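What follows is one structure encoded as structure tokens, with my remarks underneath.
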Amino acid sequence: MEWTQEQRYRKLEDVKDEEIQGLAKLVNHCPWRQSFHIQPITGLLNDPNGFAYYNGEYHLFYQWFPLGPVHGLKHWYHTKSKDLVHWENVGMAIEPTNEYDSHGAYSGSGIEHDGQLFLLYTGNSRDENWNRHPYQCLAVMNQDGEITKMDVPVIRDVPSGYTDHFRDPKVWKQGEEFFTVIGAQRENETGCAVLYQSTNLQDWQFAGEIKTNLDHFGYMWECPDYFEMEEQGVFIFSPQGLEAVGNHYQNIYQSGYVIGRQLDLVTKEFIHGPFHELDRGFDFYAPQTMQDPNGRRILVGWMGLPEIDYPTDKNGWAHCLTLPRKLSIKEGKIIQKPVEELTLLRGEKTESDKVVNNESIAFKGFEGEVYELLAEFSASNAEEFGIELRVGENERTVIKYNTVEKKIIFDRTYSGVSFAEEFGSIRKCDLDSETVTFQIFVDASSVEVFVNDGKEVFTGRIFPGKESRGINFFSHGGQTNVKAVKWEVAV
Ligand code: FRU
């Protein structure tokens, strides 16, 4: 179905309850509803927003268009959790209601201040000629969870030298001062990020552009995020417009980071190393991080990408968020591990330890639709070894290691209903290792693979049949030791 501009920008108050109920019914009949991922009750989810620990709970908001699987009038939806695993749908958080966010309450971030949670976001407005004007707006949530929008924006204008692609403020506190990075596009149509500072979160001064060595690196940087960890500066952003190079930048848009010295808040100089992608799979974009009370830096991403149709569209919804990942730094790169709390999901356990020799075999008790799987491959003289999961008559999703190419390969060519085929159905990434471990979280329509304790991550949506439940372990061109543990997911 083609959505008209009018349909995309309808106000929720003009929509009849029956329409929403009808949509919810369609959504609930979808065979690919997830069981332990954050997903929208109806419509489309995109970026995680306002991720924060406040008042004894984790709060995680997301971009939401309630009325269908398209990018229309964006709202903020609110979820919360005590353990980062079991999330409660709280409901609507920020509705676009005024001239400043008339065409969407776009992405932003959260920070606690004076006992309240401050939510800084981009108000996307358009005039009658469809010219965009972005405002940076503020909403405040109190201890009772009530959210109040400020009447006027806190940053009204785009500084000169930049276009109207100016959005996604990520706020943090350093000393007594607040800072925010905002994703921007220069007038020469190259992407960058700028910095603002404030003492009270209401009055913001433009501090200048962050000086990186990536002056010509895509045409727009969305969802920037800056933080310090292990005495280094980490800058995460989602650049649009990078050309694919080898096995890199294969998705429509990218999402990655640079690590360097701490950002010089006076000169705005950021001295850093090379850009690395955060996820080597298919469906990952616009991540956001937060620091929790234990000092952990935790990242959640959007398990989806803009401008791509997904098989759930016909069921009236699209996308979910990734599982939370704990970040650390090793040898100049970010290591991402699923947060420890995810072990709370572990139910019935099945184990096996075998030598697999020139074959692809099913281990007793290993099968399923939704589970966690940990597999360690060692002492291999094979050319290739790995796992096939969600295996059915004509379906399988493959994650493997090629010892000759020294590459991890994630193949969703035969995963089920295909989509986004113009971007290919195989992803590869270099890894030089004798022993290879895959920690895999399989939900009804997604796979997240953490390779070698978080050295690389591959995320992908898949849309197999319900009856495709097989798991095979294989080793070709030689033999490999396989130690595997599978847990049912107990939600
Ligand atoms: C990234 C993004 C942001 C914007 C939001 C709108 O996916 O385009 O730049 O704020 O989505 O939903």
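The values are calculated or read from the model by the stated rules, or taken from the named source; none is laboratory data. None of these values were measured; they are calculated from a predicted model. Here the Cβ positions follow ideal geometry from the backbone for every residue, glycine too, while neighbour counts run over all protein chains shown.
Of everything listed in (1) among the hydroxyl-bearing types (Ser, Thr, Tyr); (2) without any contact (Cβ under 8 Å) to a residue 60 or more places away in the chain; (3) farther than 23 Å from residue 52 by Cα, the single unmet condition for residue 343 is (3). Checked against (1) surrounded by 23 or more Cβ atoms within 10 Å (Cβ to Cβ); (2) at negative phi; (3) touching a residue at least 60 places away in the same chain (Cβ under 8 Å), residue 50 meets all criteria but (2).
Is it the case that residue 72 is in contact with a Pro (Cβ under 6 Å, 6 or more places away or on another chain) and of a type outside the set (Ser, Thr, Tyr)? Here the answer is no, as residue 72 does not meet what is asked.
Mind checking which strands (runs of 3 or more DSSP E) fall wholly inside region 344-394 and carry at least 2 residues that are among the charged types (D, E, K, R) and closer than 23 Å to residue 467 by Cβ? Full working, then the answer.
Numbers: elements: 346-361, 371-378, 384-391.
Hits in region 344-394: 384-391.
Of all the listed residues (185, 232, 254), the sole one being assigned by TED's automatic domain parsing to the domain that holds residue 119 and away from the ligand (no atom under 16 Å from the Cβ) is 232.
Each row is one residue, and each column tells you yes or no for (1) aromatic (Phe, Trp, Tyr); (2) within 16 Å of the ligand (Cβ to nearest atom); (3) not in a helix (DSSP H, G or I).
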| site | (1), (2), (3) |
| --- | --- |
| 6 | no, no, no |
| 13 | no, no, no |
| 21 | no, no, no |
| 30 | no, no, yes |
| 41 | no, no, yes |
| 47 | no, yes, yes |
| 50 | no, yes, yes |
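Just to check your reading of the model, which residue among 360, 418 is polar (S, T, N, Q) and in contact with a helix residue (DSSP H, G or I) (Cβ under 9 Å, 6 or more places away or on another chain)? Lay out the reasoning, then the answer.
Numbers: 360 fails: in contact with a helix residue (DSSP H, G or I) (Cβ under 9 Å, 6 or more places away or on another chain).
Selected residue: 418, the only one of 360, 418 that is polar (S, T, N, Q) and in contact with a helix residue (DSSP H, G or I) (Cβ under 9 Å, 6 or more places away or on another chain).
I'd like to check something: does region 462-472 contain any residue that is over 20 Å from residue 385 (Cβ atoms), in a loop (DSSP other than H, G, I, E, B), of a type in the set (Asp, Glu) and not assigned by TED's automatic domain parsing to the domain that holds residue 326?
Keep residues of region 462-472 that are over 20 Å from residue 385 (Cβ atoms), which gives 462-469.
Subsequent filtering for residues that are in a loop (DSSP other than H, G, I, E, B) retains 462-469.
Those still in the list that are of a type in the set (Asp, Glu) too: 467.
Checking which are not assigned by TED's automatic domain parsing to the domain that holds residue 326 leaves us with 467.
Yes.
For region 219-229, which positions are within 16 Å of the ligand (Cβ to nearest atom) and not aromatic (Phe, Trp, Tyr)? Selection gives 220, 222, 223, 224, 225. Scanning region 92-137 for residues that are part of a loop (DSSP other than H, G, I, E, B) and touching a residue at least 24 places away in the same chain (Cβ under 8 Å) returns 95, 96, 97, 98, 99, 100, 101, 102, 103, 104, 115, 131.
Scanning region 428-437 for residues that are part of a strand (DSSP E or B) and more than 20 Å from the chain's Cα centre (by Cα) turns up 430, 436, 437.
Scanning region 82-116 for residues that are away from the ligand (no atom under 16 Å from the Cβ) and within 22 Å of residue 236 (Cβ to Cβ), we see that the one that is surrounded by the most Cβ atoms within 10 Å (Cβ to Cβ) is 84. Residues that are farther than 14 Å from residue 316 by Cα and surrounded by 24 or more Cβ atoms within 10 Å (Cβ to Cβ) were ranked within region 61-75; the one that is farthest from the ligand (Cβ to nearest atom) is 61. If you go through region 372-421 and pick out every residue that is over 17 Å from residue 352 (Cα atoms), of a type in the set (Phe, Trp, Tyr) and in contact (Cβ under 8 Å) with a residue 24 or more places away in the chain, you end up with 3.
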